[in-house]
Amino acid sequence: MVWKCSGVTQKSPSSFDIDIDDLDVNSHRSPVNASLIDKTLAKGLVKASFSFKYLTEEEAEELIALTWQNPMKLEIKCPILGGKTLTADFRCAKRKCKMISTDEVEQSEKTKWEVSFSVSQKKKVKGQ
């Protein structure tokens, strides 16, 4: 299991990336000595990117439909957090669906799709 959405185990992605971000508010460099002046709003929020290749049209539509939920209640493997599974609310702000192969037949069963999307954690959870 790489990820679940609303408690349902989802299709394993072709690729899966996790980043941890710190969000800042107006961080800047000192005009005196060029040192960084941090104004951190939140530390350690998770961003995850998923990519799925060679999907049927139905599979692509189902995955894209999940991304419109706000919040997306996800449970994801998080090796970057010491191998823990993170259960939290996420928001998808970027999604992409692309046809990668087809044939000459109208409404072909052979048409394959690629879906990718990125999600950002909405707020920290206990133990994070």
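Points worth noting:
- The range 1-16, residues that are part of a strand (DSSP E or B), free of Cβ contacts under 8 Å to residues at least 24 places away in the same chain and more than 15 Å from Gln69 (Cα to Cα): Thr9
- Elements of type strands (runs of 3 or more DSSP E) in the range 41-128, at least 3 residues being at pLDDT below 95, open to solvent by 50 Å² or more (accessible area, probe 1.4 Å) and among the acidic types (Asp, Glu): none
The values are calculated or read from the model by the stated rules, or taken from the named source; none is laboratory data. All figures in this text were calculated on a predicted structure; none of them were measured in a lab. Cβ: placed from backbone, ideal geometry, glycine included. Neighbour counts: every protein chain shown. SASA here: full protein model, heavy atoms, side chains in, ligands and nucleic acids out. Shrake-Rupley method; radii C 1.70, N 1.55, O 1.52, S 1.80 Å.
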